[in-house]
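For reference, the structure is listed below as structure tokens.
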Protein chains: 2
Amino acid sequence: MSLSNRQIIYANTPSPAINPSLDNGTFKLNTTSLPNGRNESIPQDKVLVRVHYLSLDPAMRQWLTAKRSYIAPVERGSVMRGQSIAQVVAVGADLTSQYAAGEWVVAYSGWQEYALLGAKEAQKVTVPAGGRPTDAMSVLGMTGLTAYFGMLEVGQPQPGNTVVVSGAAGATGMVAGQIAKIKGAKRVVGLAGSADKCDFLVKELGFDAAVNYKDADWKKQLKEATPEYIDVFFDNVGGEILDACLARAARDARFAICGAISQYNAAKPQGPSSFMTVISQRVTMKGFIVFDYAKKYSTALNDLATWLSQGKLKRREHIVPGGLEAAPQALVNLYEGANTGKMMVEVAPVEEKARL
Amino acid sequence: MSLSNRQIIYANTPSPAINPSLDNGTFKLNTTSLPNGRNESIPQDKVLVRVHYLSLDPAMRQWLTAKRSYIAPVERGSVMRGQSIAQVVAVGADLTSQYAAGEWVVAYSGWQEYALLGAKEAQKVTVPAGGRPTDAMSVLGMTGLTAYFGMLEVGQPQPGNTVVVSGAAGATGMVAGQIAKIKGAKRVVGLAGSADKCDFLVKELGFDAAVNYKDADWKKQLKEATPEYIDVFFDNVGGEILDACLARAARDARFAICGAISQYNAAKPQGPSSFMTVISQRVTMKGFIVFDYAKKYSTALNDLATWLSQGKLKRREHIVPGGLEAAPQALVNLYEGANTGKMMVEVAPVEEKARL
């Protein structure tokens, strides 16, 4: 019998906020059927995978907008795009030398329970000592790599530098700040949206200071936390936070512009009004996309895995229960800062076997 | 008898616009007396110069604001800061081997008719073949150098590139655009504020296209003028123009942020709202100040003088008559885009001898 597969389809353009309802909201549920790989063979050049954890990423809101960007928008009517951690269920005839059932992969599956993927869409995961399969889509995956290249190639912290990271308790920010510290930055300051997150940054990750941008006096706190101004700013947030950090930019500061989560749902995005500082302090602001550094991924992953195993790099996951249909609301919550660490939706627990 | 010297003093903080009235406005007139260098000797380490042409520069508005900047603000009650082209009238005993009466200098005189200057404040001018003394404060001076380093060190145009310059008919912009063309840019487009300026850019300076940003459909014109998007943007204007150019940024574009004349008088400056493009197109925006390239001035001046003598580089002056007291209104007019080319106030014509 065929495999019943539930999917989340991108149905309606957000206007501008995502509506998480599966009944006439931004997304809708759909059910298809797939060959089950037992009494129905799968295509010879595909693997059948079962999705366990969906990656939720700030960039997703941008994918729903038909603007010129680094990646084509998701087409309405198609499965919502996204990475996942999945397990191989069945292997097509051409791929039996590459995959075996039970192996973990980073899957370009989109938001669905199962997927038939080509070899490029299912990257086998090597779980390092002390690691978990899900690390491959966070600290040892896209968010870790984004932090690595943004901090080291764009930010280029030098010994003695003050480094500030916004969205510092998010999957990318927490790694970015720790890398700055590993590389000898004098002072690493995180900006985050709650007292708990700030505690986490200082007490668990070793940031030198953290500022809760929801405090009324956060700009004053930021000033006090950066007495020698800001040499490197790793920005995930944009808007008012970018603005405040520009106002604190040191001479020749490097601003690595990774994201602008505060602006993604804005009908009219806001740019930095402290822009004069770019001139007076000779600031370099550079946007970057992790894909551009693909040739250096293996070196970076090696560094990240080493630091992880040495305990120099810590990570945290924020796992949302509730299965596939929890994803739309979780995405909305991501933009509201609900997560500390990598946010993912548990479609099926690691230990749960596939229903075939 | 002593030399009567009229000065313009910075009197009142603009709020936020400059008030050009000399009666309770931003500036006021003052008269002092100086030793005349004949029957009253001047200090041994000074030269007495007579100012002929005051330089008017967009940066001046910033100098009147007590914000952290690349240069200390002008103090209220002191002579307004500014370069001038001046002629040596008398030479102190220690400097007779360096200066002679009648020589032209670029003077850090401020806005006054005469000044007693140290050797660092009076740089002798070598007028090249076909040149004029005033070139030393425009195409062969600060504005030319600013264009040179901003375009070549920050913008780095490559053959095949599309280069856009804002404030293109200003002293810096017109040189920046021509340098891009000299260096092999495929397409150089100027943004300016009148049809006459646009004609000048295309017909006299050889720009490939020019867009009048006061036209209602200027954004559409800009789009049509940049069919392959913008690789290098040399920005003198900021605000809405920077925003429109960001929206047209090509992949890996370099934005050389030289100035933001549209924002200098704004109570609440506006940053670019198309900021998302910085990420999606991996744009580098870099602010710069010409002073940082001081070690390379001589190479740059040599290039600029060569291009000028070869006819590859054209320049234009916008000379405001009316003497010293015309300066405040001329400065206001500068921010309104009154000038094509280097704006300067004629305190005394070149040929006029000093009254001593």
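The values are calculated or read from the model by the stated rules, or taken from the named source; none is laboratory data. All of these numbers come straight from a predicted model, not from anything done at the bench. Don't worry about glycine lacking a Cβ; one is built from the backbone with ideal geometry, like all the others, and counts go over all protein chains shown.
Can you tell me which residue among B:337, B:323, B:287 is at pLDDT 95 or above, on the phi > 0 side of the Ramachandran plot and of a type outside the set (Lys, Arg)? Only one candidate passes the filter, namely B:323.
For residue B:44, the test of being outside any strand (DSSP E or B) and either surrounded by fewer than 21 Cβ atoms within 10 Å (Cβ to Cβ) or free of Cβ contacts under 8 Å to residues at least 12 places away in the same chain (or both) is passed.
Just checking, which of A:346, A:317, A:352 is in contact with a Leu (Cβ under 9 Å, 6 or more places away or on another chain) and within 28 Å of residue A:89 (Cβ to Cβ)? Working first, answer last.
Details: A:317 fails: in contact with a Leu (Cβ under 9 Å, 6 or more places away or on another chain); A:352 fails: in contact with a Leu (Cβ under 9 Å, 6 or more places away or on another chain).
The unique qualifying residue is A:346.
Report yes if some residue within segment B:119-128 is more than 23 Å from residue B:346 (Cα to Cα), surrounded by fewer than 23 Cβ atoms within 10 Å (Cβ to Cβ) and more than 14 Å from every other protein chain (Cβ to nearest Cβ); otherwise report no.
There is at least one residue in segment B:119-128 that is more than 23 Å from residue B:346 (Cα to Cα), surrounded by fewer than 23 Cβ atoms within 10 Å (Cβ to Cβ) and more than 14 Å from every other protein chain (Cβ to nearest Cβ).
Restricting attention to segment B:321-356, the residues being of a type outside the set (S, T, N, Q) and farther than 14 Å from residue B:111 by Cα number 18. Residues that are closer than 19 Å to residue A:344 by Cα and more than 21 Å from the chain's Cα centre (by Cα) occur at least once in segment A:20-27. Note on segment B:191-231: residues that are over 20 Å from residue B:316 (Cβ atoms), in contact with a strand residue (DSSP E or B) (Cβ under 7 Å, 6 or more places away or on another chain) and charged (D, E, K, R) amount to 2.
Could you tell me whether residue B:237 is away from chain A (no Cβ under 13 Å), in contact (Cβ under 8 Å) with a residue 40 or more places away in the chain and touching a Ser or Thr at 6+ places or on another chain (Cβ under 7 Å)? Break it down into steps so the answer makes sense when it comes.
Values: away from chain A (no Cβ under 13 Å): no; in contact (Cβ under 8 Å) with a residue 40 or more places away in the chain: yes; touching a Ser or Thr at 6+ places or on another chain (Cβ under 7 Å): yes.
When the stated conditions are applied, residue B:237 does not pass them.
Restricting attention to segment A:128-141, report how many residues are under 12 Å from residue A:301 (Cα atoms) and not in a helix (DSSP H, G or I).
First, pick out the residues of segment A:128-141 that are under 12 Å from residue A:301 (Cα atoms): A:128, A:135-141.
Next, only the ones that are not in a helix (DSSP H, G or I) stay: A:128, A:138-141.
Summing the residues that are under 12 Å from residue A:301 (Cα atoms) and not in a helix (DSSP H, G or I) in segment A:128-141 gives 5.
Being in the same structural domain as residue B:261 (by TED's automatic domain parsing) and out of contact with any Pro (no Cβ under 7 Å at 6 or more places or on another chain) narrows it down to one of B:163, B:188, so name that one. Full working, then the answer.
Working: B:163 fails: out of contact with any Pro (no Cβ under 7 Å at 6 or more places or on another chain).
Only one candidate qualifies: B:188.
Residues are listed down the side, and each one gets a yes or a no for (1) exposed (fewer than 14 other Cβ atoms within 10 Å of the Cβ); (2) within 23 Å of residue A:238 (Cβ to Cβ); (3) at pLDDT below 95; (4) under 20 Å from the mean Cα position of the chain (by Cα):
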| site | (1), (2), (3), (4) |
| --- | --- |
| A:185 | no, yes, no, no |
| A:192 | no, yes, no, yes |
| A:197 | no, yes, no, yes |
| A:210 | no, yes, no, no |
| A:216 | yes, yes, no, no |
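Of the residues that make up segment A:80-89, is at least one free of Cβ contacts under 8 Å to residues at least 60 places away in the same chain, part of a strand (DSSP E or B) and over 18 Å from residue A:348 (Cβ atoms)? No, there is no match, as no residue in segment A:80-89 is free of Cβ contacts under 8 Å to residues at least 60 places away in the same chain, part of a strand (DSSP E or B) and over 18 Å from residue A:348 (Cβ atoms).
Residue by residue, here is whether (1) β-branched (Val, Ile, Thr); (2) within 11 Å of another protein chain (Cβ to nearest Cβ); (3) within 24 Å of residue B:261 (Cβ to Cβ); (4) in contact with a Phe, Trp or Tyr (Cβ under 8 Å, 6 or more places away or on another chain) holds:
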position: A:225; (1), (2), (3), (4): no, no, no, no
position: A:231; (1), (2), (3), (4): no, no, no, no
position: A:241; (1), (2), (3), (4): yes, no, no, yes
position: A:250; (1), (2), (3), (4): no, yes, no, yes
position: A:266; (1), (2), (3), (4): no, yes, no, no
position: A:273; (1), (2), (3), (4): no, yes, yes, no
position: A:286; (1), (2), (3), (4): no, yes, no, yes
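Within segment B:191-232, being in contact (Cβ under 8 Å) with a residue 24 or more places away in the chain, touching a Cys at 6+ places or on another chain (Cβ under 7 Å) and under 22 Å from residue B:334 (Cβ atoms) holds for B:192, B:210. Per the conditions (1) at the interface with chain A (Cβ under 8 Å from one of its Cβ atoms); (2) more than 30 Å from residue A:73 (Cα to Cα); (3) part of a helix (DSSP H, G or I), the sole criterion not satisfied by residue B:201 is (1).
For every residue, the table says whether it meets (1) assigned to a loop (DSSP other than H, G, I, E, B); (2) among the aliphatic types (A, V, I, L, M); (3) touching a helix residue (DSSP H, G or I) at 6+ places or on another chain (Cβ under 7 Å).
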{"site": "A:6", "(1), (2), (3)": "no, no, yes"}
{"site": "A:31", "(1), (2), (3)": "no, no, no"}
{"site": "A:52", "(1), (2), (3)": "no, no, no"}
{"site": "A:66", "(1), (2), (3)": "yes, yes, no"}
{"site": "A:70", "(1), (2), (3)": "yes, no, yes"}
{"site": "A:110", "(1), (2), (3)": "yes, no, no"}
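Looking at segment B:153-173, which of its residues are in a helix (DSSP H, G or I) and touching a Lys or Arg at 6+ places or on another chain (Cβ under 7 Å)?
Pass one, segment B:153-173, residues in a helix (DSSP H, G or I): B:153-155, B:171-173.
Answer for segment B:153-173, where residues must be in a helix (DSSP H, G or I) and touching a Lys or Arg at 6+ places or on another chain (Cβ under 7 Å): B:154, B:155, B:171.
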